[in-house]
1. Taking the stated definitions as given, is T110 surrounded by 15 or more Cβ atoms within 10 Å (Cβ to Cβ), assigned to a helix (DSSP H, G or I) and free of Cβ contacts under 8 Å to residues at least 12 places away in the same chain?
2. Looking at (1) small (G, A, S); (2) at pLDDT 95 or above; (3) crowded, with 24+ Cβ neighbours inside 10 Å, which one does S485 not meet, given that it meets all the others?
3. Which residues, counting only those in the range 549-599, are among the β-branched types (V, I, T) and loosely packed, with under 15 Cβ neighbours inside 10 Å?
4. List pairs: first residue in the range 332-350 and assigned by TED's automatic domain parsing to the domain that holds G363, second residue part of a strand (DSSP E or B) and hydrophobic (A, V, I, L, M, F, W, C) anywhere in the structure, Cβ distance under 7 angstrom, at least six positions apart or on different chains.
5. K626: basic (K, R) and loosely packed, with under 13 Cβ neighbours inside 10 Å, yes or no?
6. Would you call V322 surrounded by 15 or more Cβ atoms within 10 Å (Cβ to Cβ) and hydrophobic (A, V, I, L, M, F, W, C)?
Amino acid sequence: MKHFNIFLLSVFVAFASCSFTTKTFDNPDKDKLLMQLVTYLLEQGHFQPKDFNDDFSEEVYTRFLKTIDPYKHYFYRSDLKEFETYKTDLDDQIKNYNVQFFNLVYQRLTQRIEESKAVYTDVLTQPFNYELDETYQSDTDQLDYVSSKKEMMDRWRKQLKFSTLTNYHDLLSDNESDESEQEKTKSDLEEEAREATLKNLQEVSVYFDDLRRDDWLSMYINAISESFDPHTYYFAPQAKDRFDAEMSGKYEGIGARLQKKMDKISITELISGGSAWRQNKLQVGDIILKVRQEDEEEGVSIVGMRLDDAVKLIKGPKGTNVILTLKRVDGTIEDLTIPRDEIELEETYAKSSIVEKDSYKFGIINLPKFYIDFQDVNSRNSTTDVKREIERLKSEGMEGLVLDLRNNGGGSLKTAVEIGGLFIKEGPIVQVRSTGEDRQVLKDRDPSVTWDGPLVILVNEFSASASEILAAAMQDYKRAIVIGSKQTYGKGTVQNVIDLNRMIRNNTSGDMGAFKFTTQKYYRINGGSTQLEGVKSDVVVPDRYSYIDLGEKDQDNPLSWDEIQPASYKLWESSIDYETTVRRSKERMDNSPEIKLIDENAQWIKKVRSKDIYSLKYSDYDANLKKNEKESERFDALSDYTTNLSFESLPYEKPIMEADSIFRIKRERWHESLSKDIYMDEALNVLTDLNKMFKVNKLSALKN
């Protein structure tokens with residue numbers, strides 16, 4: 001493993017020190033400085049640079065407008081006519097770090113958003129006529145921009161009518177079924193439905209009001225960045241903090257999740273194990289009025305403040321205190337001093353369970369993300385956690401392992417290679433290639449094997465990047481059987497994250513954020529790419545999303561598929577016939593009534609989601625809803641499916657569950673979901689087959 005760590009470090013340091021120190025970034029204009037940094041990284045560092053030409057300009061133009069006005073209910077055709085003078089000029093503006101186009105669009109957008117408040121408020125003062133035979137088009141690509149205020153009013157009217165129709169229908173249904181109260185009139189319910197829609201819009205309006213110019217500029221920069229590929233992205237400072245927390249699974253603060261409704265910021269959850277949870281004085285529902293640092297005499301009012309800014313005030317270094325002025329649920333006001341600490345996001349980390357099936361003991365490890373903290377080499381990471389869970393499962397007599405990578409969107413390439421090394425002897429795990437350079441083969445150099453027994457890997461359409469690296473390697477070695485969707489997500493690219501502040505000498509412009517950009521493509525050890533094609537499961541099991549476009553191939557500007565020469569590797573030595581095991585599993589899936597029903601459900605979901613024209617006539621809406629409910633009834637059996645298997649936590653978790661009710665509830669819910677999981681059930685069936693085959697082969701070998 002040491003060689004691999006050195007390789008990653010040397011590549012990163014060489015790239016950072018050699019590529020970026022030869023150029024000076026010191027523009028006093030922050031906008032221009034940011035544009036200069038981003039365009040330089042795109043031109044010099046991206047795996048597949050693009051020419052800044054008229055075609056690129058048009059792509060950025062279209063992407064930005066679609067990002068900021070996706071429903072076409074802000075801008076008019078007259079606005080577009082004015083904007084279009086820049087349509088093929090943006091490449092020149094980008095080269096010159098000019099944000100003239102952005103400034104024009106931003107100013108007009110803020111004006112139109114303010115105007116929209118009067119429009120939708122006016123629309124919602126009037127009752128909707130649900131007897132009219134009219135429709136709502138939800139596919140905005142089929143809509144043009146409006147040319148008049150009358151047309152804009154009508155566009156808002158149809159959208160708001162469609163939104164309110166659901167509320168109105170629910171209120172009517174509740175009113176008819178509620179015998180304890182006097183029935184309200186239809187007009188009363190219709191008015192109540194409109195009020196609910198207005199309230200939702202007002203909450204959205206608070207979000208828009210909180211957005212600053214910098215936030216909109218980030219969207220413009222990302223319209224440029226994402227025109228290179230879907231995974232190249234600019235992180236504003238707060239977004240970078242969130243990214244770091246997701247990658248490492250931890251941050252420094254009090255361990256509370258907040259939400260903003262209108263102008264009030266309240267507590268929605270206390271993170272299990274965090275300092276606020278341990279203190280047991282902060283409560284869900286408490287409203288925070290002020291935030292004061294321990295070295296300050298006066299607190300800062302956060303009423304009406306941006307949520308990100310409030311969070312920034314509350315977070316702080318481990319070992320310090322923050323004082324919150326709270327309005328309790330009972331209305332009392334009090335100050336509460338809370339110590340800050342390192343907060344671990346438990347849902348990010350690997351977790352394990354053990355289950356008995358057909359007299360065999362099997363282990364399950366769920367890995368939500370390939371997490372690591374590059375700033376703290378001694379902190380927990382997915383490699384050490386998975387290895388620890390395997391050892392714990394082995395001590396409980398595990399005879400087969402399911403590694404669940406479903407919904408795991410990736411993370412650290414380093415940990416993907418290291419975890420692959422837990423299941424094989426020395427050998428390559430993945431190949432990476434930069435533009436114009438030879439491939440690099442990333443290997444496991446540790447001859448020890450943490451788990452050499454039967455292995456099944458579960459994947460789905462949301463298993464991406466590092467998940468695909470690990471699943472592909474284990475498949476190529478014939479080390480594991482991969483069960484899941486037809487293919488995984490299909491992300492075959494590697495990104496680097498650069499702290500933009502480190503590229504600036506004597507920075508006086510404040511925090512510039514960070515930039516994530518695609519620098520390499522990775523390839524399976526057999527030479528193929530997972531880009532677009534993903535990893536094909538050995539046993540394909542349909543799910544609810546089988547017919548919905550969700551993968552890399554369905555994104556804008558994905559890099560193309562290609563292949564390189566294979567690495568040198570040896571198949572895993574085993575007496576188990578994997579082909580026979582896969583065939584038996586496929587036969588079970590083909591003969592399973594539940595699997596057939598899941599496939600039918602997936603097709604039905606595809607049909608429902610493909611609909612883009614909706615009737616705004618109540619009788620039609622009601623009839624269509626009843627029809628859908630009737631059709632969906634035949635899928636109710638899926639929610640009743642159960643394996644009757646009992647999944648349990650390992651002994652080390654039992655005291656934690658006794659002391660922490662939140663942790664216990666989360667584990668119990670996970671175990672319950674596993675007992676209803678048809679995919680996990682089949683994974684355990686495969687492990688059973690592998691164990692039976694292993695015992696038969698072992699007996700045969702002894703006789704011979």
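1. Numbers: surrounded by 15 or more Cβ atoms within 10 Å (Cβ to Cβ): yes; assigned to a helix (DSSP H, G or I): yes; free of Cβ contacts under 8 Å to residues at least 12 places away in the same chain: yes.
So T110 fits the description; yes.
2. For S485, the failing item is (2).
3. Pass one, the range 549-599, residues among the β-branched types (V, I, T): 564, 576, 580-582, 595, 598.
Across the range 549-599, the qualifying residue is only T580.
4. The qualifying pairs are A350/I365.
5. On the way: basic (K, R): yes; loosely packed, with under 13 Cβ neighbours inside 10 Å: yes.
Answer is yes for this residue.
6. Working: surrounded by 15 or more Cβ atoms within 10 Å (Cβ to Cβ): yes; hydrophobic (A, V, I, L, M, F, W, C): yes.
So V322 passes the test.
For every residue, the table says whether it meets (1) touching a Gly at 6+ places or on another chain (Cβ under 9 Å); (2) within 30 Å of Y40 (Cα to Cα); (3) not in a helix (DSSP H, G or I).
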position	(1), (2), (3)
D154	no, no, no
Y168	no, no, no
E176	no, no, no
D188	no, no, no
E191	no, no, no
A196	no, no, no
V204	no, no, no
I224	no, yes, no
D229	no, yes, yes
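For every residue, the table says whether it meets (1) over 20 Å from R667 (Cα atoms); (2) buried (at least 23 other Cβ atoms within 10 Å of the Cβ); (3) assigned by TED's automatic domain parsing to the domain that holds A256.
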| site | (1), (2), (3) |
| --- | --- |
| S359 | yes, no, no |
| I365 | no, no, no |
| V377 | yes, no, no |
| T383 | yes, yes, no |
| V402 | no, yes, no |
| G411 | yes, yes, no |
| G420 | yes, yes, no |
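The values are calculated or read from the model by the stated rules, or taken from the named source; none is laboratory data. Since the model is a prediction, treat every value here as computed from it, not as a measurement. Cβ atoms come from the backbone with ideal geometry, glycine included; neighbour counts cover every protein chain shown.
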